[in-house]
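First up is the structure itself, then whatever we jot down about it.
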Amino acid sequence: MRRTTMKPRADWRPGLRKYPYGVRAMSAGAGWREDVCYEFTASQIDLIESVADELHTMIGGAVRHVVDNKLFGALGIRGEAVRMLEASWSDYWSAGRRNERAGGLAGRLTLSYDGRDTVKLLGCNYDTTEGLFAASLIQRNWREAMAADANQFNGLHEALVERWEELAAGQPGRGHVHLTCATPDPVREGELVYLAATAAEAGIGTRLLPLQTVGWDGRRFLDDEGQAISWLAKLYPWDGLSEDVFLQRLRSGGMSVLSPLWCWLWSNHGLLAVLSHLYPRHPNLCRAALDGAALGPCDAVTARSLFGLDAAPQRIVEQGVMVADDGEGVTSHGTVWLETPHGFREDDTRAVLHAWVVGDKCLGMAVREAAAPWVGPESAMVPHLFRG
């Protein structure tokens, strides 16, 4: 893998105008940068794809282990959320078989990659899908304009349309979907515009609405025009919706949610410790534990809150020196300790990969980089390509 400095376009936005929704979705590209590019070989792309597919399967096994052994409390999940999560999971996984129509739209694995042959899982998010528009269409548009002779690991747009079709086929109430996030939030609102466009391509009716306008009439959830909501796609984390009152209404209100409640478990950072326990010494996992003392000595350690998805509070210690500290939020919902791997570094820049799983297969990726110990959700997304 090579990081190459490039001359960016004067403005990447006009190229998106060819899409009917491009202008309305542009705000979702706020973190896009194209003054650098990461170039991979075809064999490196094959490695990343195969590792992501294997990790996705392992994550499913870890979730089954948590549900079967009722380990919810260790992951900070309690009360009505446990009962609803188990019911949601039983819709998806029953008698050893998956019901893909009770599944989610997409998931994202955050991977540490040293640029050669070592790939390690840093986190997973099957709950919210921020970053899809940039990874899918902004990145594709960049390749078409700036590197038309190269390839890119990016089949995301077509996969999303096919996934919507699969989720809706033969399912009552899924001819129309409401899409929501808390507003004002230009980035997530732009993402919703793109998700709505992919759903519309699949023949599904769509309506966007602010999360705070979702109502309840005592029997059903209603949109801001008083119409019943039968299917809701959200860009808002389950840990912010896990109050017992909302979940009790969800149980009786006849509304299905994309991604389903079990996706909260698939996105809990404590799952890294479960994976480490189930697959010790696996080459694509970091050592992790829910007890810092159980982790043992490490050159670099990350302590991360179980909740918070990509923005989870965390502390990073390298060679005994604190290099990042988000404060007391690390322990507010429980903590996982992770042996921090040696990922890609060049000068002051660090980079991670986002491998996107749509349905049950890794079908694209993006690169994020930052001049900081932690490459988080505010870090820049930059393009990639491969040759061969």
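Of note:
- Condition met for Trp93 (touching a helix residue (DSSP H, G or I) at 6+ places or on another chain (Cβ under 8 Å) and either among the hydroxyl-bearing types (Ser, Thr, Tyr) or open to solvent by 10 Å² or more (accessible area, probe 1.4 Å) (or both)): yes
- In the set (1) more than 30 Å from Arg13 (Cα to Cα); (2) touching a helix residue (DSSP H, G or I) at 6+ places or on another chain (Cβ under 8 Å); (3) surrounded by fewer than 18 Cβ atoms within 10 Å (Cβ to Cβ), Gly103 fails one condition alone, (3).
- Qualifying residue in the stretch 144-151 (condition: of a type in the set (Gly, Ala, Ser), more than 28 Å from Leu385 (Cα to Cα) and surrounded by fewer than 15 Cβ atoms within 10 Å (Cβ to Cβ)): no
- Ala300 in contact (Cβ under 8 Å) with a residue 60 or more places away in the chain, of a type in the set (A, V, I, L, M) and either surrounded by fewer than 19 Cβ atoms within 10 Å (Cβ to Cβ) or in contact with a strand residue (DSSP E or B) (Cβ under 7 Å, 6 or more places away or on another chain) (or both): no
- Residue check, Ser332 surrounded by 20 or more Cβ atoms within 10 Å (Cβ to Cβ) and at pLDDT below 95: no
- Leu75 farther than 13 Å from Ile138 by Cβ and in contact with a His (Cβ under 9 Å, 6 or more places away or on another chain): yes
- For the stretch 1-43, filtering for residues that are within 24 Å of Phe386 (Cα to Cα) and either free of Cβ contacts under 8 Å to residues at least 24 places away in the same chain or open to solvent by 20 Å² or more (accessible area, probe 1.4 Å) (or both) leaves 21.
- Filtering the stretch 359-375 to residues that are open to solvent by less than 10 Å² (accessible area, probe 1.4 Å) and touching a helix residue (DSSP H, G or I) at 6+ places or on another chain (Cβ under 8 Å) leaves Cys362, Gly364, Met365, Ala366.
- Evaluated against (1) open to solvent by 30 Å² or more (accessible area, probe 1.4 Å); (2) over 24 Å from the mean Cα position of the chain (by Cα), Tyr279 falls short on exactly one condition, (2).
- Every test in (1) in contact with a Leu (Cβ under 8 Å, 6 or more places away or on another chain); (2) open to solvent by less than 10 Å² (accessible area, probe 1.4 Å); (3) not in a helix (DSSP H, G or I) is passed by Leu167 save one, and that test is (3).
- Qualifying strands (runs of 3 or more DSSP E) (wholly inside the stretch 1-120; at least 3 residues being hydroxyl-bearing (Ser, Thr, Tyr)): 106-113
The values are calculated or read from the model by the stated rules, or taken from the named source; none is laboratory data. None of the values given here were measured: they were computed from a predicted structure. Glycine also receives a Cβ, built like all others from the backbone with ideal geometry; neighbour counts cover every protein chain displayed. Ligands, DNA and RNA are stripped out before the accessible areas are found, and what is left, the full protein with its side chains, is counted by its heavy atoms. Shrake-Rupley method; radii C 1.70, N 1.55, O 1.52, S 1.80 Å.
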